[in-house]
Every structure is written in C-alpha cells, then in structure tokens.
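Below is one structure; the comments refer to it alone.
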Amino acid sequence: MTDQHISPLDQARILSEALPHMQEYDEETIVIKYGGHAMGAEDTAKAFARDIVLLEQTAINPVVVHGGGPQIATMLKRLGIQSEFAAGLRITDAATIEIVEMVLAGSVNKQIVGYINEAGGKAVGLSGKDGNMVKASKTTRTMVDPDSNIEKAVDLGFVGDPEKVDLTLLNQLIGYELIPVLAPLATSQDGQTLNVNADTFAGAIAGALKAKRLLLLTDVPGVLDKSKKLIPDLSIKEARKLIADGTISGGMIPKVETCIYALEQGVQGVVIIDGKTQHAVLLELFTNQGTGTLIHK
Ligand SMILES: Nc1ncnc2c1ncn2[C@@H]1O[C@H](COP(=O)(O)OP(=O)(O)O)[C@@H](O)[C@H]1O
Ligand SMILES: CC(=O)N[C@@H](CCC(=O)OP(=O)(O)O)C(=O)O
C-alpha cells in the first residue's frame with residue numbers, strides 16, 4: 001500500500017493510535033541511528049527521510065546518526081585497500097581513515113541530507129569533528145591469541161571511543177528546527193581524525209542529549225535467539241548473558257552495548273529495529289505494536 005492509497009477510515013484509525021504517542025514525544029529529542037546495511041534500496045531510504053521530516057513537523061526533534069560500513073567496504077575494494085575487523089571494529093590505518101572520512105562525511109552523509117531536504121526538511125550534515133562535537137580517545141582492545149591462548153593488545157589504528165560530547169552546535173541546530181545528520185567521526189585530543197563505530201557514536205550522542213528514545217535501524221528484525229527467532233524484549237542482564245554465550249555476535253555486539261550504555265545514561269527507551277521495513281521509524285514510534293527488540297533495565 002502506498003501513502004497515496006490509505007482510505008479515510010484507515011487514516012482516522014492510524015491518527016487515533018498515533019496521537020497519544022505524538023503527545024508523549026512532544027518537544028523531545030529522538031536519536032535515530034541509520035545503519036549502512038539498512039540504507040539499501042533508494043525507495044526505503046526516501047521513506048526513511050520522509051519519516052524524519054514528519055517527526056520534525058510533529059514537534060519532535062530528530063537527530064540522525066548514520067553508519068556506512070558496507071559503503072566504506074565497497075570504496076576500499078575499488079581502491080584495492082585491504083580492510084580487516086577486530087572485535088567488530090575496522091582496523092583503520094592512515095590510508096583507510098582518509099577513505100572512511102570521504103565516504104562517511106562525504107557521500108553517505110550528503111545523500112541522507114539530500115533525501116531529507118527533498119522530503120521537505122532542512123537537514124544539516126556534519127561529523128563529530130564539527131564544532132568539536134565529539135572528542136575521542138584511541139580505542140584499545142585486547143584479544144585472545146588462538147594459538148598461544150594469551151591475551152594480546154590489538155592496535156586498531158585511527159579508531160576512537162567517544163570521551164566528551166559538546167552539545168553547543170547540536171542544540172543550536174535543534175533550536176532552529178534544523179535536522180542534524182551526523183557522520184561517526186571524532187577528533188582526538190591531539191587533533192587526529194578517528195573512526196568511531198556508528199552505534200557507539202549514536203549512544204554517546206543520545207546519552208549526552210538525554211534523548212527520550214534511541215532507535216537503532218539495522219538489516220535484521222532485532223536481536224534474534226539461537227533459532228533465529230526475534231526476541232521482542234531483553235533486559236540488560238539477559239542481553240549480557242546472550243553476548244557471553246555467543247548468541248549475540250559480530251556487529252550486534254556494539255549495538256547491544258550501545259543500548260545498555262544509553263539506558264545507563266538516562267535514555268528512556270532503546271530499540272533495535274529493521275530499517276529495511278518501509279516507515280520503520282513511524283511504525284515504532286506511533287503505533288502500539290513494537291516491531292523489533294526493546295532493551296530495558
Ligand atoms: N543475535 C543476533 N541477532 C541479530 N543479528 C545478529 C545477532 N548476532 C549477530 N548478528 C549480526 O549482526 C548484524 C547487524 O550488525 P551490523 O552488520 O553491524 O549492522 P549495521 O550496519 O546496521 O550497523 C546482523 O546482520 C547479523 O548478521
Ligand atoms: C571503527 C569502525 O568500525 N567504524 C565503522 C564506521 C561505520 C559504521 O559503523 O557503519 P555501520 O553502522 O553501517 O556498521 C566502519 O569503519 O565501518
């Protein structure tokens with residue numbers, strides 16, 4: 001069913017369900033992380049942009065944080081640059097950070113900005129470097145060497161963990177009803193550009209803004225159990241157990257860790273949903289049926 005073919009009766013039903021939710025989110029900030037895998041098809045991306053504009057028009061303050069892992073991978077491949085991951089994070093050398101910044105703050109960011117503006121919004125595309133928004137420290141991770149079974153430090157290169165978020169610029173944009181679209185790059189204390197996992201970045205922004213909700217849009221329906229069935233809700237304790245027993249792995253680990261962090265920072269509702277579903281954001285916020293996995297305390 002397209003937007004143009006909703007009957008008046010359906011419109012009334014949808015509105016009566018949506019109204020109490022709209023009041024709940026009035027003047028609240030909602031951070032939406034748009035994952036690189038969720039961006040996929042152009043019509044879904046355009047529907048996403050329309051959802052974001054609708055939020056702005058209903059007196060909600062949307063802040064978009066985007067990823068772009070698959071888009072970075074495509075460009076690195078075209079340029080013949082090898083890329084590896086450790087603990088779910090891209091090992092980022094000097095050549096790679098240049099491409100990461102080009103793809104994230106360049107093409108991906110501007111594409112989303114373009115779609116939102118085309119849908120009638122006023123989006124402003126930035127990265128965490130702008131206005132010193134996100135300062136990060138170099139990420140340190142240890143991994144167990146499978147041969148010796150000894151824990152070793154892994155040098156991830158130009159990869160960062162957010163340390164400090166300065167909200168000056170973001171609050172100004174929000175105040176002027178502009179829609180911030182943020183690429184997950186940060187600056188180190190000594191001025192280097194650092195690549196930040198987009199989920200982690202979104203959690204830091206949502207936490208600093210004390211956002212009402214954080215929505216993480218990905219390419220799966222939510223957190224799946226061992227038999228690939230959707231888990232509709234998950235406590236922090238249960239989530240940690242599923243990470244420890246390997247049910248949650250790969251890219252889902254930073255996502256779930258971000259949810260836990262955001263809840264601990266005071267974000268009230270945190271969900272992982274399928275961004276490939278048309279109008280996933282509206283369905284999640286304005287209808288009574290939650291579609292993905294709600295993580296709670
Ligand atoms: N328990 C799980 N439930 C759902 N997805 C999982 C789980 N464990 C690992 N994953 C993987 O995590 C992926 C989502 O993370 P990622 O690829 O980083 O997405 P994004 O680009 O949206 O950030 C899924 O496509 C899936 O392959
Ligand atoms: C350090 C690190 O791994 N950074 C990520 C940033 C993009 C990202 O996280 O994009 P998705 O949300 O689409 O996965 C990367 O280089 O791929």
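The values are calculated or read from the model by the stated rules, or taken from the named source; none is laboratory data. Every value quoted in this text rests on a predicted model; they were computed, and no experiment measured them. Positions of Cβ are generated from backbone atoms using ideal geometry, with glycine treated the same way; all protein chains shown enter the neighbour counts. Please note that ligands, DNA and RNA were not included when accessible areas were found on the heavy atoms of the full protein model with its side chains. Shrake-Rupley method; radii C 1.70, N 1.55, O 1.52, S 1.80 Å.
Numbers below:
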| quantity | calculated |
| --- | --- |
| Residue in region 16-30 that is under 16 Å from the mean Cα position of the chain (by Cα) and within 16 Å of ligand 2 (Cβ to nearest atom) present | no |
| Subset of region 251-263 (residues that are open to solvent by less than 40 Å² (accessible area, probe 1.4 Å) and either charged (D, E, K, R) or within 16 Å of ligand 2 (Cβ to nearest atom) (or both)) | M252, P254, K255, V256, T258, C259, A262 |
| Extreme residue, farthest from ligand 2 (Cβ to nearest atom), among residues of region 223-242 that are assigned to a helix (DSSP H, G or I) and open to solvent by 40 Å² or more (accessible area, probe 1.4 Å) | K237 |
| Hits in region 264-291 - residues which are within 20 Å of L224 (Cα to Cα), part of a loop (DSSP other than H, G, I, E, B) and open to solvent by less than 10 Å² (accessible area, probe 1.4 Å) | G275 |
| Test set (1) open to solvent by 10 Å² or more (accessible area, probe 1.4 Å); (2) within 20 Å of the chain's Cα centre (by Cα) - I52 fails condition number | (1) |
| Selection status of I205, open to solvent by less than 10 Å² (accessible area, probe 1.4 Å) and in a helix (DSSP H, G or I) | yes |
| The lone exception for L89 - which of (1) within 18 Å of the chain's Cα centre (by Cα); (2) under 18 Å from Y115 (Cβ atoms); (3) at pLDDT below 95 it fails | (2) |
| Sole residue being under 30 Å from S137 (Cβ atoms) and either among the aliphatic types (A, V, I, L, M) or touching a Ser or Thr at 6+ places or on another chain (Cβ under 8 Å) (or both), chosen from E257, E264 | E257 |
| All helices (runs of 4 or more DSSP H) inside region 55-140 with 3 or more residues being without any contact (Cβ under 8 Å) to a residue 24 or more places away in the chain | 69-78, 109-118 |
| Residue match in region 25-42 (condition: outside any loop (DSSP other than H, G, I, E, B), at pLDDT 95 or above, charged (D, E, K, R) and touching a Gly at 6+ places or on another chain (Cβ under 9 Å)) | yes |
| Contacts under 9 angstrom Cβ, first residue in region 281-297 being without any contact (Cβ under 8 Å) to a residue 40 or more places away in the chain, partner surrounded by fewer than 19 Cβ atoms within 10 Å (Cβ to Cβ) and small (G, A, S), 6 or more apart | L283/G290 |
| Among the residues listed as R78, R90, the single one being out of contact with any helix residue (DSSP H, G or I) (no Cβ under 6 Å at 6 or more places or on another chain), basic (K, R) and open to solvent by 60 Å² or more (accessible area, probe 1.4 Å) | R78 |
| Matching entry among A12, A49, A18 (being aliphatic (A, V, I, L, M), part of a helix (DSSP H, G or I) and modelled with pLDDT of 90 or more) | A49 |
| Among (1) in contact with a Leu (Cβ under 6 Å, 6 or more places away or on another chain); (2) within 23 Å of F85 (Cβ to Cβ), the one test that V256 misses | (1) |
| Conditions (1) out of contact with any Asp or Glu (no Cβ under 8 Å at 6 or more places or on another chain); (2) open to solvent by less than 10 Å² (accessible area, probe 1.4 Å); (3) assigned to a loop (DSSP other than H, G, I, E, B); (4) in contact (Cβ under 8 Å) with a residue 40 or more places away in the chain: number failed by I248 | (4) |
